[in-house]
1. Filter the stretch 79-102 for residues that are among the charged types (D, E, K, R) and in a loop (DSSP other than H, G, I, E, B); which is nearest to ASP16 (Cα to Cα)?
2. Out of ARG54, ARG84, ARG131, I need the residue that is closer than 21 Å to THR2 by Cβ, of a type outside the set (S, T, N, Q), surrounded by fewer than 21 Cβ atoms within 10 Å (Cβ to Cβ) and at pLDDT 95 or above. Which one?
3. Checking THR2 against (1) surrounded by 12 or more Cβ atoms within 10 Å (Cβ to Cβ); (2) touching a Gly at 6+ places or on another chain (Cβ under 7 Å), which test does it fail?
4. With respect to the numbered conditions (1) over 13 Å from TYR36 (Cβ atoms); (2) part of a helix (DSSP H, G or I), which one is the sole condition not fulfilled by VAL115?
5. Could you say whether any residue in the stretch 58-78 is surrounded by 17 or more Cβ atoms within 10 Å (Cβ to Cβ), of a type in the set (Gly, Ala, Ser) and assigned to a loop (DSSP other than H, G, I, E, B)?
6. So which residues in the stretch 5-51 are farther than 21 Å from ILE132 by Cα, loosely packed, with under 13 Cβ neighbours inside 10 Å and in contact with a helix residue (DSSP H, G or I) (Cβ under 8 Å, 6 or more places away or on another chain)?
7. Here's a check for you: in the stretch 1-43, which residue that is touching a residue at least 24 places away in the same chain (Cβ under 8 Å) and in a helix (DSSP H, G or I) is farthest from PHE106 (Cα to Cα)?
8. In the stretch 134-155, which residue that is of a type in the set (Gly, Ala, Ser) and either in contact with a helix residue (DSSP H, G or I) (Cβ under 8 Å, 6 or more places away or on another chain) or assigned to a loop (DSSP other than H, G, I, E, B) (or both) is surrounded by the fewest Cβ atoms within 10 Å (Cβ to Cβ)?
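The values are calculated or read from the model by the stated rules, or taken from the named source; none is laboratory data. These numbers were taken from a predicted model, which means no experiment stands behind them. Cβ sites come from the backbone with ideal geometry, for glycine too, and all protein chains shown count toward neighbours.
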Amino acid sequence: MTRLSPGDTAPTFTLDDDHGRAVSLSDYAGQQVILYAYPAAMTPGCTTQACDFRDSLASLTAAGYAVLGISPDSVDSLAEFRERDALTFPLLSDPDKTVLTAYGAFGEKKLYGKVVVGVIRSTFIIGTDGRIEQARYNVKATGHVAKLRRDLGLD
């Protein structure tokens, strides 16, 4: 499995969002993007993380960042997640895991001491030039957004 590093070109993509609209990375050309990968909508950890991004969205947007969530969930599941938790940023559906794999966010991971294959909770900061500024793998759902905000100098 290939992992991304700072300076790498961010893999391009076009995926459907929680409204069924096609969203491309190129839609955000010239803008900083936080792309975060999470295993499954409406699970406790993923809900905590999504709500943390929702609650920090105003300050992230004010600092020039767009936030995109990506998971293998269906568009319908993502729409339900958005509605249930009042999420206000695009949730992208990658059911065949092509984009998740390109970002190194799908593969072997440890879960409760066992090696399994699945989505690796990860966050990528993509710069205005379309290059990876940060690639964080195996992040924790709880407290991750607060740490990210501190590291970006937003606290």
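1. Across the stretch 79-102, the extreme among qualifying residues is ASP94.
2. Working: ARG54 fails: closer than 21 Å to THR2 by Cβ; ARG84 fails: closer than 21 Å to THR2 by Cβ.
Result of the check over ARG54, ARG84, ARG131: ARG131.
3. The failed condition is (1).
4. VAL115 satisfies every listed condition except (2).
5. Looking through the stretch 58-78, none of the residues is surrounded by 17 or more Cβ atoms within 10 Å (Cβ to Cβ), of a type in the set (Gly, Ala, Ser) and assigned to a loop (DSSP other than H, G, I, E, B).
6. Within the stretch 5-51, HIS19, GLY20 qualify.
7. Filtering the stretch 1-43 for residues that are touching a residue at least 24 places away in the same chain (Cβ under 8 Å) and in a helix (DSSP H, G or I), the one farthest from PHE106 (Cα to Cα) comes out as TYR28.
8. GLY153
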